[in-house]
Amino acid sequence: MPGVPERQTHDYKRNGTTTLFAALEVATGKVSADACYQRHTNAEFLKFLKLVAKAHPRVKLHVIVDNYATHNHPNVKAWLARNPRVTLHFTPTSCSWLNMVEIFFGIITRQAIRRGTFHSVKDLRDAIRRFIDAYNDRCEPFTWTKTADELLTKIKRQTTSSTR
């Protein structure tokens, strides 16, 4: 509740985690996320890319990703070379906020996952699936509130602190 500190009992038990890969259709706001995995390796990322490519046949796909090593693995590069209609675009370091699906990750974290009680990974995955289904029923495209020039200025901003 507002104004009440967050608490956790002494017997809190973490029942597992999952890795969620998701794609956001910029034009509609719809999220495609049929991919919860135990791990976050290039193999799982490739499975996800193949799902996205299959869901959108015969169109060019532009996928924006962060600089996580999994996204730039040689296996991923080899698959992309064989599938030239899929192009990965990497956000600059510390600029994952440019990736609109990160906005969705923040929404699902706040509204469905944080402070949730999940007795198993299956319960967690089911909660994620229910949230995404409901979200897609009411989704709308995200709208930037800043101009392109303001965004580019933020990206190019130099750090002013020195660690020496």
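Things worth noting here:
- Distant-in-sequence amide H partners of residue 30 (H built 1.01 Å from N, under 5 Å): 25
- When the convex hull of its Cα atoms is viewed from all sides, region 103-142 shows a mean projected area of 2.8 nm².
- On a per residue basis, region 18-107 carries 56 Å² of accessible surface, using protein heavy atoms and a 1.4 Å probe.
- Checking the Cα-Cα distances for 30/54; 47/77; 77/156 against a 18 Å cut-off, the pairs over it are 77/156.
- Dipole of region 55-147, positive direction: furthest Cα of 76, 139, 105, with charges on the beta-carbon: 76
- Averaged over residues, the count of other Cβ atoms within 10 Å places the peptides 107-113, 48-54 in the sequence 48-54, 107-113, highest first.
- Carbon/sulfur fraction of accessible area - region 27-164, other protein chains in place, 1.4 Å, %: 52 percent
- Estimated Rh, region 28-164: Kirkwood, alpha-carbon pairs, angstrom: 17.4 Å
- Relative to its residue count, region 12-102 spans a Cα convex hull of 122 Å³ per residue.
- Compared with the alpha-carbon gap, the fully stretched path from residue 19 to residue 127 is longer by 37.5 nm at 0.36 nm per residue.
The values are calculated or read from the model by the stated rules, or taken from the named source; none is laboratory data. If you're wondering where the values come from, they're calculated on a predicted model, not measured in any experiment. Here Cβ is always computed from backbone atoms with ideal geometry, including for glycine, and neighbour counts include all displayed protein chains. Accessible surface is based on the protein model in full, side chains and every heavy atom, while ligands, DNA and RNA are left aside. Shrake-Rupley method; radii C 1.70, N 1.55, O 1.52, S 1.80 Å.
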